[in-house]
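The structure appears below as structure tokens.
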Amino acid sequence: MSEVSTVSDKKVTRMDLFKAWWKWTLAVEVPVSFDRMQALAFSYSLNKILQKIYKDDPEELQESMKRHVQMFNTNCDWGSVIHGIIISLEEQRSMGNEEITPEMMESLKIGLMGPLAGIGDSVDQGIVATIPLAIFVPMALEGSVLAAFIPGIIYLAWSYSWSWFLFNKGYSLGKNSVMTILQSGAIKKVIDIASIVGLFMIGCLSAAYVKFETILEFVSNTEKVSVQEILNGMLPNLLPFCLVMAMYFYIIKKGPKYLNIILVTMAIAILLTFLGII
């Protein structure tokens with residue numbers, strides 16, 4: 001396939017890219033449906049660019065509109081690179097590059113949206129969303145109003161800046177951009193780090209926010225001894241850990257039946273409270 005056209009031959013301007021990216025960020029979760037997922041938002045973000053580059057070819061414009069309303073679903077931020085790639089390929093196709101076929105573009109979208117979703121969800125949810133919460137939520141609980149908003153601000157800043165960067169990178173490098181990133185080995189390291197940090201932060205959050213203590217006491221040599229103090233001496237937050245692990249193994253064995261977990265947890269809590277254990 002021929003190289004990406006020179007800057008002077010390009011039909012798509014930086015402002016066109018910005019408008020397409022902005023429309024994607026605003027609409028990505030709005031028209032989601034079970035049969036098409038994010039496809040309508042994908043098509044909506046590209047429609048003005050497609051109208052511009054195919055303004056002299058109404059039939060090709062119609063076909064391009066049709067092919068971009070097919071099922072599409074990926075991570076909202078990391079998947080932005082796919083938009084840039086597709087815009088680059090559509091632009092080259094509009095200028096007569098017959099090697100770029102609709103099948104090629106559809107295959108690229110299908111092949112990339114899965115890996116990018118896995119990578120994006122691991123990094124976004126495992127690091128970007130979790131670490132600021134672990135840092136600032138305790139500050140918010142101590143009365144800091146500003147700390148309650150900082151995690152959201154950090155996530156939004158990351159989301160918008162990273163998706164815009166990938167949107168541009170996909171356009172400038174074309175279809176080779178993601179393949180270069182995926183084959184470099186850097187992504188595997190990021191995923192490994194995200195998994196480790198994510199598990200670490202989940203453990204921290206569980207210890208900090210899962211409250212499960214016993215009020216049992218017994219008399220020893222005329223002194224009252226708290227069972228909770230003994231457990232804390234053995235391993236702090238032992239009961240919350242056991243509770244979290246019990247739920248984890250239930251999900252592993254029975255599946256994510258969250259309503260059952262909630263009802264059983266409420267029933268056990270009421271029973272243990274009635275018996276004077278917690």
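The values are calculated or read from the model by the stated rules, or taken from the named source; none is laboratory data. Given the structure is predicted, the values throughout are model-derived calculations rather than measurements. All Cβ positions, glycine included, derive from the backbone under ideal geometry; neighbour counts span all protein chains shown. Please note that ligands, DNA and RNA were not included when accessible areas were found on the heavy atoms of the full protein model with its side chains. Shrake-Rupley method; radii C 1.70, N 1.55, O 1.52, S 1.80 Å.
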Accessible area per residue in Å² at 1.4 Å probe, computed on the chain: 59 Å²
Percentage relative contact order, the chain, counting C-alpha pairs under 8 Å, at least six apart: 17 percent
Net charge contributed by nearby residues that have their C-beta within less than 15 Å of I230 (K/R +1, D/E -1): -3
Heavy-atom accessible area ranking, 1.4 Å probe, most first, across W21, W162: W162, W21
Spread of Cα-to-Cα distances over 5 Å intervals beginning at zero, given as percent, for the range 211-275: 3, 15, 19, 20, 17, 12, 7, 3, 2, 1
Residue-level accessible surface for V30, protein heavy atoms, 1.4 Å, Å²: 110 Å²
Rounded to the nearest 10 Å², the accessible area of T222 at probe 1.4 Å: 140 Å²
Nearest-10 value in Å² for the accessible area of M247, using the 1.4 Å probe: 60 Å²
Separation in nanometres of the label points that stand 7 Å from Cα toward Cβ, at N73 and A246: 3.4 nm
Expected 222 nm ellipticity per residue - DSSP helices of 4 or more, -39500 (n - 2.57), all of the chain, to 500: -23000 deg cm²/dmol
Computed E for A267/F200 - FRET, C-beta separation, R0 35 angstrom, nearest 0.05: 0.65
Stretchable slack from I135 to E229, in nm (0.36 nm times residue separation minus alpha-carbon distance): 31.1 nm
Kirkwood-type radius of the range 9-92, with distances r between different C-alpha atoms, in Å: 12.9 Å
Square roots of 5 times each gyration tensor eigenvalue, C-alpha, the chain, largest first, Å: 52, 19, 17
Stokes-Einstein D in µm²/s, Kirkwood radius over Cα pairs - the range 45-138 at 20 °C with 1.002 mPa s viscosity: 143 µm²/s
Positive-pole candidate from I100, V128, P138, dipole of the chain, charges at beta carbon: P138
Förster radius 25 Å - calculated FRET efficiency between E99 and K19, Cβ distance, rounded to 0.05: 0.35
